[in-house]
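**Q** Before we start, here is the structure in question, set down as structure tokens.
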Amino acid sequence: MVPRRYPRGFTRREFLYFGGAALLAAACGPAADVTTTLAGGQGPSTTGMPGEPQISFREPTQSISGELNILLWSHFVPAHDSWFDPFAKAWGEQVGVTVNIDHINTAEVPAAIAAEIQSGQPQHDLFQHIAVLSQHEPSVVDMTDLVMEAESRYGTMLDLTRRSSYNPHTEKYYAYAPAWVPDPGDYRKSLWEAVGLPDGPSTYDELLEGGSQIFSDQGVQLGIGMSQEIDSNMALRGLMWSFGASIQDADGQVVINSDETIGAIEYMMDLYSNAMTDEVFAWNAASNNQGLNAGTLSYILNSISAYRTAQDDGLDVADDIYFTPALAGPETAIVASHVMYNWIIPDFESVNVAAAQEFLLHYTENLAPVAWHSKLYDFPAFPDRVPELNNWLDNDPFGSNPPTKLQVLKNSTDWATNIGHPGPANPAVGQVFGESIIPVMFAEAAQGNMTPAEAVADAESKINAIFNDWRGRGLIG
Amino acid sequence: MTTQTAKKPRYLADSPRFLAGLFMSPTIIYIVALVGFPFALAIIYAFTDITTGDPSLEFVGLDTIKAVWNDTVFRRALGNTFWFAVISNLFVVILATGLAELLTRDFKGKWFVRFLVLLPWVAPVSLATLTWLWTLDSVFSPIDWLLRQVGLIDQNMYWLGRPSLAFISVVAVQVWRIAPLAAVIVMAGMMAIPKDVHDAVEVDGAGPWRRLFEINIPLLAPIIAVAVLFGVILSMADMSVIYVLTRGGPTHRTQVLSTWAYFKGIEGGALGQGAAVALFLFPVLVGLTAVILRLARRREVL
């Protein structure tokens, strides 16, 4: 007799077997969560994949209670947020703090922080942003003690993140930066193989030559924005530094008006003329992902999020996307970090400072799960906390083909730096960033509205005004 | 002959003065709290060096306003604001008058057409503008696709990447957004024109153009002016369309005062300067408001 088939092709025996197993899992699931959370501080695990790091827990060093309200961005890798919220709430349950979390679009975070601080009664105790928050220094808690405690537990913080959270002029940690995101070049291997560069470009000269040839032969352009948005700001700073130019020197003096800056602009004009279209003047935060995954860009400067999106969406192009480290220019080979996490605690009476600090220590304790659940998007500022990171990059647990594709990120701290390089990320640098003075400088020259020298002089006058303003407030040297 | 003298109300609830105050108070509280207070704050901020990160106020006289004025981006934004408002509303008037003329006629499916015309106005502005962002995309614009299909272009237009096209694009979207409001205002005016005027015109044998230019437009002039002034105020004070489409780019060619106030004050952190930029709109908007009220009163008299 032919066994009776149940929907989706199960036999009755299989149906009962799997159904029973599912019921058992459902019955055990919540109990396991509660047990681990209460007994061992284990937050809910979401991937269930082999090698997934466990959540660890240390008793807070200070007495904490009440509510902890956190405002942070909606992560570019959605899996992170699915994990983060239960993780934070589980910690709260364990230490007797009610944790409330609000995620908003990253573009809205600056306005939200500004509004809450201006109100004098912030509704959140802890804010996170993906860019430096140095302009808030006068209104936030000094994180020096927290950084010292974290370093005593987890080793020395990366210089990159320290310089993105510490003001050497006032000797204050205006933010806590426990994690960051590298910004490699993402290229389409099949396109670059055709021009004799199967490993992608390694220098700006190769980018120009190979990119131009791809554009003329295959009709696929490069994607380096010259628009008033975050990715253009990041990419063009990397170009400037690699050409030996910078906005400020190590002491915070404006040095943008240099032959090196003019050289970088002239290079970009060449790149635009030969390998890009007017699309780069309309660049927005989604352009990298959209163009790379649609197959209309040969190279972009971005984190791995565009690639992860291609993987998640099952796009064929995912297997064709590979990564390069920072391109070498005449002077060096560095780029800005793609994301620099800054956590700040407003310095107001109503704010639960102790709970916020303890949560940040717990977060730092668990930087390995943070990296894992962001699918290796987030990198630790305390590398000792994620000893498996290089193994994961050698053999991507999230299905890269080949699995070694992310190896190039292993030494990303060697070619990543902070905005403001070679100086610190101070409020003046932040305002120059916010007003997109650098992308406009490049675009004015590329569109032929100004000569490179005029564009630099125009940018210099704006930057000088901003630096003088912040210098007058005593926040930069 | 008896004379009626006003009696003092017996109960408070019978007092017209009390009731008037009571019923007006929600509006007054609303305006004071959500318009008056922020506006007063903006004036105060414009004379201070306040930043987003430091709520303390230190008065610096006219320094903040001078710094704003000396900024070349501000001057470009000032010019753009003027042209953006004027050009947008020129097209709004033409479109609105035509639409109103159409919508006051009797034809099958009129209500559906009215609904379609009003749709851009009732749709949330950010959502509607996002749709335009995709429609004007550099690579995947359906407009480009259409133009390519009919052989008018052989490469993409880059609507938001080329300065002149970017300006035309933001103006076009603004017209699309505001025209329905203006059309409704003009339509209401048209419907208020006495029917016997139209009957007399018909008896005299006037055609549609003559009726439009010699009857409707002269009679509607005050109403059209009200629609224009609403449109100008919306174009000058609202930042949604430009913020979503271009963020003021490329090279500040679509930057207007409202967006520059945001970038300067919020994203740049210089809250005082942002407030000063926004305040430059104030004299213009006050003047326009005065004109609106004057025209509205004139209309009442008519």
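**Q** Restricting attention to segment B:39-61, report how many residues are under 20 Å from B:V286 (Cβ atoms) and either loosely packed, with under 12 Cβ neighbours inside 10 Å or β-branched (V, I, T) (or both).
**A** Summing the residues that are under 20 Å from B:V286 (Cβ atoms) and either loosely packed, with under 12 Cβ neighbours inside 10 Å or β-branched (V, I, T) (or both) in segment B:39-61 gives 3.
**Q** For B:F82, state whether it is part of a helix (DSSP H, G or I) and surrounded by 21 or more Cβ atoms within 10 Å (Cβ to Cβ).
**A** Considered against the rule, which asks whether it is part of a helix (DSSP H, G or I) and surrounded by 21 or more Cβ atoms within 10 Å (Cβ to Cβ), B:F82 comes out as no.
**Q** When you scan segment B:10-31, do you find a residue that is in a helix (DSSP H, G or I) and within 22 Å of B:A227 (Cα to Cα), even just one?
**A** There is no residue in segment B:10-31 that is in a helix (DSSP H, G or I) and within 22 Å of B:A227 (Cα to Cα).
**Q** Could you tell me whether segment A:74-89 includes any residue that is closer than 30 Å to A:E435 by Cα, modelled with pLDDT under 95, within 14 Å of chain B (Cβ to nearest Cβ) and crowded, with 19+ Cβ neighbours inside 10 Å?
**A** No, segment A:74-89 contains no residue that is closer than 30 Å to A:E435 by Cα, modelled with pLDDT under 95, within 14 Å of chain B (Cβ to nearest Cβ) and crowded, with 19+ Cβ neighbours inside 10 Å.
**Q** Across segment A:90-110, what is the number of residues that are β-branched (V, I, T), surrounded by fewer than 15 Cβ atoms within 10 Å (Cβ to Cβ) and over 26 Å from A:A285 (Cβ atoms)?
**A** Selection size over segment A:90-110: 1.
**Q** Here's a check for you: in segment B:237-257, which residue that is surrounded by fewer than 24 Cβ atoms within 10 Å (Cβ to Cβ) and among the small types (G, A, S) is farthest from A:E229 (Cα to Cα)?
**A** Taking the candidates together, the pick is B:A237.
Yes or no, residue by residue, for (1) in contact (Cβ under 8 Å) with a residue 12 or more places away in the chain; (2) closer than 23 Å to B:F167 by Cβ; (3) more than 12 Å from every other protein chain (Cβ to nearest Cβ); (4) among the basic types (K, R):
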| position | (1), (2), (3), (4) |
| --- | --- |
| B:F37 | no, no, yes, no |
| B:I50 | yes, no, no, no |
| B:V60 | yes, no, no, no |
| B:T72 | no, yes, no, no |
| B:F84 | yes, yes, yes, no |
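**Q** Please specify each residue of segment A:273-285 satisfying the condition of being farther than 10 Å from A:G223 by Cβ, within 12 Å of chain B (Cβ to nearest Cβ) and in contact with a Leu (Cβ under 9 Å, 6 or more places away or on another chain).
**A** A:D278, A:F281, A:A282, A:N284
**Q** When residues of segment A:226-245 are filtered for being in a loop (DSSP other than H, G, I, E, B), among the hydrophobic types (A, V, I, L, M, F, W, C) and within 14 Å of chain B (Cβ to nearest Cβ), how many remain?
**A** 1
**Q** Scanning for something within 29 Å of A:E137 (Cα to Cα), at pLDDT 95 or above and of a type in the set (A, V, I, L, M), does segment A:374-388 turn up at least one residue?
**A** Among the residues of segment A:374-388, at least one is within 29 Å of A:E137 (Cα to Cα), at pLDDT 95 or above and of a type in the set (A, V, I, L, M), which makes the answer yes.
**Q** Collect the residues in segment A:213-242 that are more than 24 Å from the chain's Cα centre (by Cα) and crowded, with 18+ Cβ neighbours inside 10 Å, keeping them in residue-number order.
**A** Matches in segment A:213-242: A:Q213, A:I214, A:F215, A:V220, A:Q221.
**Q** Next up: Quick one: A:Q135 ticks every box in (1) in contact (Cβ under 8 Å) with a residue 24 or more places away in the chain; (2) away from chain B (no Cβ under 12 Å) except a single one, so which number is it?
**A** In the conditions (1) in contact (Cβ under 8 Å) with a residue 24 or more places away in the chain; (2) away from chain B (no Cβ under 12 Å), A:Q135 misses (2) alone.
**Q** What's the number of the condition A:N411 fails, among (1) assigned to a loop (DSSP other than H, G, I, E, B); (2) among the polar types (S, T, N, Q); (3) more than 14 Å from every other protein chain (Cβ to nearest Cβ)?
**A** Going through the list (1) assigned to a loop (DSSP other than H, G, I, E, B); (2) among the polar types (S, T, N, Q); (3) more than 14 Å from every other protein chain (Cβ to nearest Cβ), A:N411 breaks only (1).
**Q** Determine which member of the set A:V440, A:V456 is within 11 Å of chain B (Cβ to nearest Cβ) and modelled with pLDDT of 95 or more.
**A** A:V440
**Q** Go through segment B:150-204 and give me each residue that's within 14 Å of chain A (Cβ to nearest Cβ), over 19 Å from the mean Cα position of the chain (by Cα) and assigned to a helix (DSSP H, G or I).
**A** B:P163, B:S164, B:L165, B:A166
**Q** Within segment A:294-342, can you find the residues that are within 14 Å of chain B (Cβ to nearest Cβ) and modelled with pLDDT of 95 or more?
**A** So the first thing to find is which residues in segment A:294-342 are within 14 Å of chain B (Cβ to nearest Cβ), and the list is A:294-298, A:300, A:342.
Selection gives A:L297, A:S298, A:I300, A:N342.
**Q** Could you run through segment B:123-132 and say how many residues are in contact (Cβ under 8 Å) with a residue 60 or more places away in the chain and either crowded, with 20+ Cβ neighbours inside 10 Å or more than 14 Å from chain A (Cβ to nearest Cβ) (or both)?
**A** Looking only at segment B:123-132, we keep the residues that are in contact (Cβ under 8 Å) with a residue 60 or more places away in the chain, and these are B:125-126, B:129-130, B:132.
With the extra rule that they be either crowded, with 20+ Cβ neighbours inside 10 Å or more than 14 Å from chain A (Cβ to nearest Cβ) (or both), the set shrinks to B:125, B:129, B:132.
Here the count works out to 3.
**Q** For B:S258, all conditions in the list (1) more than 30 Å from A:M450 (Cβ to Cβ); (2) touching a Phe, Trp or Tyr at 6+ places or on another chain (Cβ under 9 Å) hold save one; what is the number of the exception?
**A** (1) is the only condition that B:S258 fails.
**Q** Taking into account only those residues within segment B:133-142 that are within 14 Å of chain A (Cβ to nearest Cβ) and either touching a Pro at 6+ places or on another chain (Cβ under 8 Å) or not in a loop (DSSP other than H, G, I, E, B) (or both), which is surrounded by the fewest Cβ atoms within 10 Å (Cβ to Cβ)?
**A** Ranking the candidates gives B:W134 first.
The values are calculated or read from the model by the stated rules, or taken from the named source; none is laboratory data. Just so you know, these numbers come straight off a predicted model, no measurement behind them. Here the Cβ is made from the backbone with ideal geometry for all residues, glycine too, and neighbour counts use every protein chain on show.
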